[in-house]
Amino acid sequence: QVQLVESGGGLVQAGDSLRLSCASSGLIFSSYSMGWFRQAPGKEREFVGSISWSGGRTDYSDSVKGRFTIYRDNAKNTVYLQMDSLKAEDTAVYYCVARYRFSIKSSSDVNYWGQGTQVTVSS
């Protein structure tokens, strides 16, 4: 059974940093592209960023590019989302996702979803 478990969410102030972690089990982690989506209240779920199975390629949405960084540790079966210069509009539930081999650009690409972790940024 595949599990993606996010942690690290919380309440921070605008301008602060936060790092989310996603620990995986039940899959061959090094064979999966990993990514993050988020959903704010009353809004659709949106792509945040992704990292290839090798870690050699990352992609980001325009709204977070230059502020967020995704990286992975295949030895620990964990992917991270480093969020810097947080803004109030980054407030959302953040979901960790996985897709076998291929890149992640939309929710329809995703094979597995985590349960999500809340990030709240106060202005």
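Results, tabulated for the structure shown:
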quantity: Projected label distance in nm at residue 69 and residue 113, using a 7 Å step from Cα toward the beta-carbon; calculated: 3.0 nm
quantity: Cα-based equivalent ellipsoid of the stretch 1-45: semi-axis lengths in Å, sorted from largest, via gyration tensor; calculated: 25, 14, 10
quantity: Gaussian network model of the chain, springs between alpha carbon atoms under 10 Å - residue of 37, 47, 102 with greatest fluctuation; calculated: 102
quantity: Charged-residue dipole, Cβ positions (Lys, Arg, Asp, Glu), the chain about Cα centre, Debye nearest 20; calculated: 280 debye
quantity: Relative contact order (%) - the chain, alpha-carbon pairs under 8 angstrom, separation at least six; calculated: 35 percent
quantity: Cross-link partners of residue 43 among lysines (Cα-Cα below 23 Å; sequence separation of 8 or more within a chain); calculated: 65, 87, 105
quantity: Apportionment of accessible area to carbon and sulfur, the stretch 5-79, percent (1.4 Å); calculated: 47 percent
quantity: By average C-beta atoms within 10 angstrom, highest first, the peptides 80-90, 66-76; calculated: 80-90, 66-76
quantity: Net charge contributed by nearby residues that have their C-beta within less than 14 Å of residue 17 (K/R +1, D/E -1); calculated: 0
quantity: Heavy-atom accessible area per residue - the chain, 1.4 Å, Å²; calculated: 51 Å²
quantity: Whole-Å distance, taken between Cα centres, linking the stretch 10-50 and the stretch 56-109; calculated: 5 Å
quantity: Among 113, 94, 82 the positive-end extreme of the charge dipole of the stretch 56-123 (Cβ point charges); calculated: 113
quantity: Förster radius 22 Å - calculated FRET efficiency between residue 100 and residue 44 (Cβ-Cβ, nearest 0.05); calculated: 0.35
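The values are calculated or read from the model by the stated rules, or taken from the named source; none is laboratory data. Quantities reported herein were computed from a predicted structural model and do not represent experimental measurements. With ideal geometry, Cβ positions are generated from the backbone for all residues, glycine too; neighbour counts draw on all protein chains shown. Surface areas here come from the heavy atoms of the whole protein model, side chains and all, with no ligands, DNA or RNA. Shrake-Rupley method; radii C 1.70, N 1.55, O 1.52, S 1.80 Å.
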